[in-house]
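Throughout, read-outs are computed from the coordinates displayed, never taken from laboratory work. Predicted, not measured: the structure shown is a model, and the values here were computed from it. Here Cβ is always computed from backbone atoms with ideal geometry, including for glycine, and neighbour counts include all displayed protein chains.
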Amino acid sequence: MMRVFIVILGLALFGSARLPTEHAIATAHRQLHFCAVDFDSELREQIGQLGFIAALSGFRSLVADVLFVQAHVAWERTEWGRVLLLFRQVTTLQPRAILFWETAAWHMAWNASAAAMRDSTQPRLALRIKAQREYFQLGKDFLERGIRKNPDRPQLYEALARLYRDKYNDHEHAAEFFGKAADRPGAPSYAKRFAAYELSACRGREREAYDRLHALYAAGENERLPTLIRRLKDLEIKLAIPLDQRISDPVP
Amino acid sequence: MFYVVLLFALLLIGNSIFMAQFTFQQEFQVLKDIALGSMSIFTSLLAVVATARLIPQDLEDRTIYTILAKPVPRFEYLLGKLAGVLLLLALSVIIMSTLFFIVLNVREQNVLSETLRQMHASPPDQMAEALGAIRASAFNVNLLPGIAIIYVKACLLAALTLFVSTFATTAMFTTVVMVFVYFIGHLQATARAYWLQTNAAGWITKAFLAFVTLLFPDLQLFNLVDDIVAGTVIPLALFVKTATLGFFYAGFYLLLAWSVFYRKEL
């Protein structure tokens, strides 16, 4: 009996000794956005008791993958409601996986929205457009939540910029998010260029766009792509830039 | 161990064939998740099952009496047993990692050659960017510390199982206790968070949470692979701290096992 007591006491003392270290490591995890999952009753309702226990027991990514595969199958069957539900679960379980946020947004804003517009069971165009807009919004919502969970990575900013550009025709926001993507480490080389392209399509911001495009043009041969030259030429005319200050390249 | 590795290989190959219908990023992400997830499950399982049988098996075969009749200190006996299991775990982790990297490399080469074929007419910089994206989403050097932490977690579990087996009467009892410890260990972080919150609960609940926090290891700290696969970089300091904590745990549980086994009547 005495020995049991000593062992329990030893365990408790060891527990108190390691507590500050474990707390420090857990704090470092939070700072690095590790395991940024809220294990609450909402998640338990979403993934079921078994999935919840599995996720809590260190098999979070495995559960997320199983759900991702299910979402893929649901997409093949064009069951959009199920795709949405499953991707909400997947992104809740693996909030640091950029791919899941991007795929979820793509399914909603591109695939489901296109399917809604071609929905033969809905004869009214207004309702089809409404459904399409709702799917755009769902895609945007995925990307915005993904950015909140991964503020340091450029991919989701870029995806949101593309969504603004291609689905909302909102060049102002597209330029803003391409710009934010370009400011993050590991951003693709074209993000800065795309931000300037989008800015050139914004009314009243032509001068700013011209300055940015010209700076890119001056950066070197690699940036002098046909689209950049074409946009610069258009802006030179629009802003009535003096002939001696215009670029010498022919219009591609 | 053979069956564990065989199962792991089948899982990897089956998964890699099935995933061929995904995009390469999706395929690599799922392949890495499944490989590292199953590596974590299998090594944890192997650590518990292999260690739980050590002392009961020796008692049943009566080999323990022969060994301890010689001038072998009981601590050395336990240390030898644990070292054997740690070696077995290291071997299984190496084999599983090798298999995983082979499958990952084969898939990467397939995707690379397919991309080269499709983009043969593209400008060289575009081609280089595409190939770079494929390589970046396949092998990542951060996978290595993730695998190392899987091993550390298995070592911790093996030492804890050895401790439980010193007072358990059967291997089955040890295994069942360890299954519970495994689940509680993963919930420990949640218990600690609630315990340390100033106004979280009544004193009975707080006492219970303190009991869980102090007595059980925090296994959630060793689950780094989920985030590594998602692209998070593990700082060296964090890796060293986590690994040191794991070995510290293992050492402490070995000492506890010895303190129980020291005067145990056999």
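Observations
- Label positions at A:Leu127 and B:Val240, each projected 7 Å from the Cα along the C-beta direction, are separated by 6.6 nm.
- FRET efficiency estimate (nearest 0.05) - Cβ-Cβ, B:Phe173 to A:Arg3, R0 22 angstrom: 0.75
- Gaussian network model of chain A, Cα within-10 Å springs - most flexible of A:Leu84, A:Leu127, A:Leu143: A:Leu127
- A:Leu225-B:Val49 FRET efficiency (beta carbon distance; Förster radius 60 Å; 0.05 resolution): 0.50
- Local charge for A:His23 was computed over the other residues whose Cβ lies under 13 Å away, with Lys and Arg +1 and Asp and Glu -1, and equals +2.
- Most mobile of B:Leu131, B:Leu187, B:Leu31 in a GNM of chain B (Cα contacts under 10 Å): B:Leu131
- Relative contact order, percent, segment A:153-252 [alpha-carbon distance under 8 Å, six or more residues apart]: 19 percent
- Sorted by Cβ neighbour density within 10 Å, fewest at the top, the residues A:Trp110, A:Trp101: A:Trp110, A:Trp101
- Between B:Ile184 and B:Gln126, residue separation times 0.36 nm minus the direct Cα-Cα distance comes to 15.8 nm.
- Among the residues of A:15-27, the average count of other protein chain beta-carbon atoms within 10 Å of the residue beta-carbon is 6.
- Relative contact order, percent, segment B:58-181 [alpha-carbon distance under 8 Å, six or more residues apart]: 27 percent
- The residue among A:Leu239, B:Val233, A:Phe194 whose Cα reaches farthest toward the positive pole of the charge dipole of the protein assembly as shown, with charges on the beta-carbon of Lys, Arg, Asp and Glu, is B:Val233.
- Proximal charge balance of B:Asp226 [Cβ under 9 Å; K/R count +1, D/E count -1]: 0
- For chain A, calculated [θ]222 nm from helices alone, where every DSSP H run of n ≥ 4 adds -39500 (n - 2.57): -22500 deg cm²/dmol
- Histogram of C-alpha separations across segment A:153-252, 5 Å bin width, %: 2, 15, 24, 23, 19, 11, 5, 1, 0
- Normalised by 2.2 N^0.38 Å, where N counts its residues, the alpha-carbon radius of gyration of segment B:2-261 equals 1.22.
- Think of each Lys and Arg Cβ as +1 and each Asp and Glu Cβ as -1; about the Cα centre, that makes the dipole of chain B roughly 760 debye.
- Inter-probe distance in nm under a simple model that places probes 7 Å from Cα toward Cβ, at A:Gln245 and A:Arg82: 6.1 nm
- With a Förster radius of 41 Å applied to the C-beta separation of A:Asp211 and B:Glu114, the computed FRET efficiency comes to 0.45.
- Stretch gain in nm, segment B:Glu265-B:Val72, where the contour uses 0.36 nm per residue and the Cα spacing is subtracted: 67.9 nm
- Distance (nanometres) between label positions extended 7 Å along Cα→Cβ at A:Glu134 and B:Ile102: 5.2 nm
- Of A:Lys140/B:Lys206; A:Lys149/B:Lys153; A:Lys180/A:Lys233; A:Lys140/A:Lys192; A:Lys149/A:Lys233; A:Lys140/B:Lys241, pairs whose Cα-Cα distance is over 30 Å: A:Lys140/B:Lys206; A:Lys149/A:Lys233; A:Lys140/B:Lys241
- With helices as the sole contributors, chain B gives -27500 deg cm²/dmol at 222 nm; each DSSP H run of n ≥ 4 counts as -39500 (n - 2.57), and the sum is divided by every residue.
- Chain A - percent relative contact order, Cα under 8 Å, separation 6 or more: 10 percent
- Protection proxy ranking, highest mean first, for peptides A:231-238, A:57-64: A:57-64, A:231-238, where packing is the per-residue count of other beta-carbon atoms within 10 Å, averaged.
- Springs join every pair of Cα atoms under 10 Å in this Gaussian network model of chain B, and among B:Ala189, B:Ala171, B:Ala35 the largest mean-square fluctuation is at B:Ala189.
- Residue-count net charge about A:Ala116 - beta-carbon cut-off 10 Å; Lys, Arg +1, Asp, Glu -1: +2
- Global dimensions of the protein assembly as shown from alpha-carbon coordinates: Rg and Dmax equal 28.4, 101 Å.
- Inter-part distance where segment B:35-52 and segment B:206-266 are each reduced to a Cα centre, Å: 15 Å
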